[in-house]
Amino acid sequence: MKPMTISDPPRHMQIFDELARLIAVRPVSHDAVEMGFRCPKIAAAARAAQFVNVLVPPEGFGYRIFESEEEWLAAQRLPRPFLVRRPFSVYRTYRTDPTDPTDPTDPADGTGGEWPPDTIDILVRMVGPGTRQLARLSPGADVRILGPLGSSFELPPPGASAALVAGGCGWASLELLARELCRRAQRTYAFIGAKSVEEMPIPTALGKRPHPFLEDLPEACVTSRELEELGVIVALSAEQGGRVYGGLVTDLIEKFLKSDHGRNAHIYACGPWVMLRRVAELARDFDAPCQVALEERMGCGLGVCNSCVVEVILPDGAIGHKRLCQEGPVLDAYEVNWAARR
Amino acid sequence: MSEAKVDLSVDFARLKLRNPLVAASGTSGWGEEFARLDGLPLDTFGALVLKSVTLEPRLGNPTPRIVETAGGAGLINSIGLENPGVAKVAQEYVPRLAGSPTVIIGNVAGSTVEEYPAVARKLAESDVIRAIEVNISCPNVKQGGLLFGTDPRAAGEVVAAVRRAVSKPVIAKLTPNVTDIGAIAQACIEAGADALSLTNTFRALAIDVRTRRPLIAHNYGGLSGPAIKPLALMKVHEVYPVARRAKVPILGGGGITCGSDALEFILAGATAFFVGTFLLREASACPRLLGELRALLADQGEKRIGDLVGKLKLFGEAGAD
């Protein structure tokens, strides 16, 4: 098979490199925090599954002229430089104009209105020194953020239902989609899995079993009040059990697809590669449309460096690449070469 | 002195550049992506070098292709020259750059000597391409994978082949993974290079101590970023006497992140400088970088950047120059 190469240069969509003000940091689990940044241009433009590339302070590497003693002191407080930016899905956005009919998030919605308008949330899982340093910033810090980047989910046709499947922090790529779907009154299911209830990427509370077809869940189970208030049918799973479905989130989506409710559902998934591979397999088995939001080590985010490619199977059967910052992060599950990664 | 009076224009290998800032190959895409970035008009750059093009399409290396290293000061990359091949680039990508506000320079790569002139000729057909940069950091498959650029004879052969194929300026891009870069530079100059660009990346390794595997899929890659600046600077300094004697300008770089870094390369002998990894990190800061360079010159009462090329004065050196 003759290998093909990258897709054509990108569509013209404007990207901003905003100096964003950190508004608040909220711990979500032992290794993840939500961070809210005020960045009006990015907040206004971001769509579901898009991401931002965040420069971990301190900004400068070389010789700098400091305008003031305060500026110099501020630079000393953050000792370690990080060369490349870190990518994060745009988790939620809060915009200035709630009357805008295309605005998928209303600042007055069920999130408690903690973050002011023109804000985006990101979910930061502390996996390395860069994310740890970022998560330790205090409100008031200015951070340079590049975005919005990448492709967005294609919505299901009106009247169709959507099944959102998240492995852990993968939910961050799906929440904007959930909100948009609820706004359009499209039936939305959310299946979110984690290793344990404590590691859920979203705030949880005790609620009722979401749906008769999920009789494996206890009658009184842990769920997400916020999502339920939006109108989402929520089922959580944890490998370690607890008052949720005990097992993998892929088992949940399989049960769903087998049930009557799963008929004609469009699947949207984000999470670890092995999870997505299984979701893609199930989608194929049940002939369900399926889009996935992928991740790979990220370079520029602008489409110029070719670091973030994923193998896809082209229409003629040859192997090609798509850049997760341009053609992705959302790809059709049927085109991804799932055999590519271990 | 006022910053506005500082003249950053540069004469480089028969090209007139509005400023000495060049966007390096492999970090600048196909010449139009930066236009999407608010605050980075393409006329920020004096010139922009396109991604390396080969005769046939190349898919490149498996991922992960990059890893941050050196305490956050370096990046190892092993992209693998991914590109759609010269036919597609010449037919589809290059024509889109007609009227580009910056000077576009093509970059050619190959596995055999013969491939280089074939690619160069095709690219140079377009008026959009103002010069050809020759990427000699490629393995010569006919010589057991030895990099062309590590052997003066091989380097000279490739440059000579490109020289015969095009009439536009030919820039030889040197690899620093050599003992005597001066000899490589000399060979390229004798083969007809109009200019030299240096350095490409330094061969490097990063290891995951838990899995005991390299941190990039291709095992080895090239190191770039602030970590290499002192090394690249030394290479420019080594090449300058050779280049100067032949009146061949240097496009120098490696780890530049601010105006002061750029000035270091100019003082070491570069007529123009490039940024690469910096673009991955903060392309939008290029206007700031130029502003810093202007401010430095103004501060020192210097009116023209061209006056400072090679003005490093070593201790123990007799006299100026």
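The values are calculated or read from the model by the stated rules, or taken from the named source; none is laboratory data. Nothing here was measured: the structure is a model prediction, and the numbers come from that model. We place every Cβ from the backbone using ideal geometry, glycine too, and count neighbours over all the protein chains shown.
Brief remarks on what is shown
- Of note, B:R294 satisfies the criterion of being basic (K, R), within 28 Å of A:R144 (Cβ to Cβ) and over 16 Å from the mean Cα position of the chain (by Cα).
- Among the residues of region B:8-43, the one identified as β-branched (V, I, T) and out of contact with any strand residue (DSSP E or B) (no Cβ under 7 Å at 6 or more places or on another chain) is B:T27.
- Selection status of A:G303, within 11 Å of chain B (Cβ to nearest Cβ) and assigned to a strand (DSSP E or B): no
- Filter result for B:A4 (closer than 18 Å to B:I266 by Cβ and small (G, A, S)): no
- For region A:274-287, the count of residues that are crowded, with 23+ Cβ neighbours inside 10 Å and assigned to a strand (DSSP E or B) is zero.
- Test: residue in region A:55-69 that is modelled with pLDDT under 90, among the hydrophobic types (A, V, I, L, M, F, W, C) and under 30 Å from B:V67 (Cα atoms): yes
- Per the listing A:E335, A:E296, the residue uniquely at pLDDT 95 or above, of a type in the set (D, E) and more than 28 Å from A:F82 (Cα to Cα) is A:E335.
- Of residues in region B:1-30 being touching a Leu at 6+ places or on another chain (Cβ under 8 Å) and among the polar types (S, T, N, Q), the one surrounded by the most Cβ atoms within 10 Å (Cβ to Cβ): B:S28
- Residue in region A:219-226 that is surrounded by fewer than 22 Cβ atoms within 10 Å (Cβ to Cβ) and among the β-branched types (V, I, T) present: yes
- Count of region A:200-215 residues which are surrounded by 18 or more Cβ atoms within 10 Å (Cβ to Cβ) and either in contact (Cβ under 8 Å) with a residue 60 or more places away in the chain or not assigned by TED's automatic domain parsing to the domain that holds A:K258 (or both): 3
- Hey, A:G168 closer than 21 Å to A:R277 by Cβ, crowded, with 16+ Cβ neighbours inside 10 Å and at pLDDT below 95 or not: yes
- Elements of type strands (runs of 3 or more DSSP E) contained in region A:174-225, each with 2 or more residues being more than 20 Å from the chain's Cα centre (by Cα) and not hydroxyl-bearing (S, T, Y): A:205-208, A:220-223
- Total residues in region A:107-150, condition within 19 Å of the chain's Cα centre (by Cα), buried (at least 19 other Cβ atoms within 10 Å of the Cβ) and either outside any loop (DSSP other than H, G, I, E, B) or at pLDDT 95 or above (or both): 15
- Flag for A:V292 being facing chain B (nearest Cβ under 8 Å), touching a strand residue (DSSP E or B) at 6+ places or on another chain (Cβ under 6 Å) and not hydroxyl-bearing (S, T, Y): no
- Number of the condition not met by B:S260 [criteria: (1) touching a residue at least 24 places away in the same chain (Cβ under 8 Å); (2) more than 14 Å from chain A (Cβ to nearest Cβ)]: (2)
- Scanning region B:32-50 for residues that are closer than 21 Å to A:K322 by Cβ, within 9 Å of chain A (Cβ to nearest Cβ) and touching a residue at least 40 places away in the same chain (Cβ under 8 Å) yields B:E32, B:F34, B:L37.
- Test: residue in region B:31-47 that is surrounded by fewer than 21 Cβ atoms within 10 Å (Cβ to Cβ), more than 22 Å from B:I256 (Cα to Cα) and aliphatic (A, V, I, L, M): no
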